[in-house]
Amino acid sequence: MKRIGVLTSGGDSPGMNAAIRAVVRKAIYHDIEVYGIYYGYSGLIAGEIKKMELGSVGDIIHRGGTMLYTARCEEFKTLEGQMKGIAQLKKFGIEGLVVIGGDGSFRGAQKLTAQGFPTIGVPGTIDNDIPGTDFTIGFDTALNTVIDAIDKIRDTATSHERTYVIEVMGRDAGDLALWSGLADGAETIIIPEADYDMDEIIGRLNRGQERGKKHSIIIVAEGVGSGIEFGKRISDATGTETRVTVLGHIQRGGSPTGMDRVLASRLGAKAVDLLIEGKAGVTVGIQKNELVYHDIDEVLSKGRCVDLDLYRLSQELSI
Ligand code: ADP
């Protein structure tokens, strides 16, 4: 392997830059040239490809977002789009590719490998919803951003005696809601992976009020429904003032935490090691603090579920 490419795709996440840096530095350490592909698969098709040097990735380890930019590209879902991408890679003499992104991006990587182009997936998403890894790059940063926001809401909640509903990201995955809710002592956490009973939630809020509880915090993962809707249902049923905060895209940004920078550095470097070993069509991950890799077909055929023990614990601690 003399020349590899790297791209970021789909939703960005803090730590993607640290992963790009690790890919570039590790490859150059092994005398392999690295080409950066800008704007994900759409830039791949368009040939937005530039050689990267050691200095190209200087001063980015602490920055959120992705210096290679990211995009969504419908055309890449077609065989024609994939073949155009492979033609570009060949034109630049690139022999292997590292794709940093979420499960959608991994489907693109799977297609490239199926068409004979060696590709490795590095899990970068704040949702923590990729099978084959305990954590994805960006989750820890987003978690801490959400915790910081809830802490601030908690201060004003204590002063005003209201119910607060906070909608956090997570269309299919409740990790961010669950972990932030547990970390912040939320009274109720509503996630897509577990059934909830609105009557039970309202009963609990009423009991809390009777006990003299000053405020309640309810975390809702966006996949379950709109926080605004939940807020309305709760205020109608309890007669208490309910405030809703939709955290939105602030959850994607910010300087990556130390955990995310180290994870990204380890996973990015591992992807290069695997390409050097001749591996293709795999995704890297971390399980029980060991670097691992799994067949991409296997990863994409599985669903990932939140840690239900953690969910039960959150319920036990919020009685
Ligand atoms: P994420 O990687 O964050 O899950 P998306 O689901 O939007 O984000 O996927 C990112 C990009 O990956 C898509 O815009 C598309 O270019 C590519 N992609 C997604 N699904 C497929 C697929 N089935 N085949 C080929 N490429 C795909």
#### Entry: Single residue of segment 85-105 satisfying the filter (closer than 18 Å to LEU275 by Cβ and near the ligand (Cβ under 7 Å from one of its atoms)) that is farthest from the chain's Cα centre (by Cα)
SER105
### Summary
The one condition SER255 fails out of (1) more than 19 Å from ASP175 (Cβ to Cβ); (2) in contact (Cβ under 8 Å) with a residue 12 or more places away in the chain; (3) more than 15 Å from the chain's Cα centre (by Cα) is (3)
## Note on the structure
Of those in segment 27-41 that are more than 16 Å from the ligand (Cβ to nearest atom) and assigned to a helix (DSSP H, G or I), the residue surrounded by the fewest Cβ atoms within 10 Å (Cβ to Cβ) is TYR29
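Can you find, within segment 43-68, the residue that is surrounded by the fewest Cβ atoms within 10 Å (Cβ to Cβ) among those that are within 13 Å of the ligand (Cβ to nearest atom) and not β-branched (Val, Ile, Thr)?
If we take residues in segment 43-68 being within 13 Å of the ligand (Cβ to nearest atom) and not β-branched (Val, Ile, Thr), then ALA46 is surrounded by the fewest Cβ atoms within 10 Å (Cβ to Cβ).
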### Task
Considering only segment 229-249, state which residues are loosely packed, with under 14 Cβ neighbours inside 10 Å and at negative phi.
ASP236, GLU241, HIS249
### Task
Can you give me the number of residues within segment 228-255 that are in contact with a Leu (Cβ under 9 Å, 6 or more places away or on another chain) and not hydroxyl-bearing (Ser, Thr, Tyr)?
3
#### Entry: Scope segment 266-308; condition out of contact with any helix residue (DSSP H, G or I) (no Cβ under 8 Å at 6 or more places or on another chain), assigned to a helix (DSSP H, G or I), surrounded by fewer than 18 Cβ atoms within 10 Å (Cβ to Cβ) and at pLDDT 95 or above; matching residues
ILE276, GLU298, SER301
### Residue that is in contact (Cβ under 8 Å) with a residue 60 or more places away in the chain and either aliphatic (A, V, I, L, M) or touching a helix residue (DSSP H, G or I) at 6+ places or on another chain (Cβ under 9 Å) (or both), where the choices are SER56, SER9, SER42
SER9
### Task
Test each condition in (1) more than 11 Å from the ligand (Cβ to nearest atom); (2) among the polar types (S, T, N, Q); (3) over 24 Å from GLY170 (Cβ atoms) for GLN82 and report the one that comes out false.
(1)
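Being touching a strand residue (DSSP E or B) at 6+ places or on another chain (Cβ under 9 Å), of a type outside the set (S, T, N, Q) and at pLDDT below 95 narrows it down to one of ILE190, ILE166, ILE201, so name that one.
Just a single option satisfies the conditions, and that option is ILE201.
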### Query
Where residues in segment 154-168 are aliphatic (A, V, I, L, M) and more than 12 Å from GLU187 (Cα to Cα), which of them is surrounded by the most Cβ atoms within 10 Å (Cβ to Cβ)?
VAL168
### Query
Only one of GLU200, GLU167 is out of contact with any Cys (no Cβ under 8 Å at 6 or more places or on another chain) and either more than 18 Å from LEU317 (Cα to Cα) or hydrophobic (A, V, I, L, M, F, W, C) (or both); which?
GLU167
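The values are calculated or read from the model by the stated rules, or taken from the named source; none is laboratory data. What you see is a predicted model, and the numbers here were worked out from it, not measured in a lab. Every residue, glycine as well, gets a Cβ built from its backbone with ideal geometry; the counts of neighbours run over all protein chains shown.
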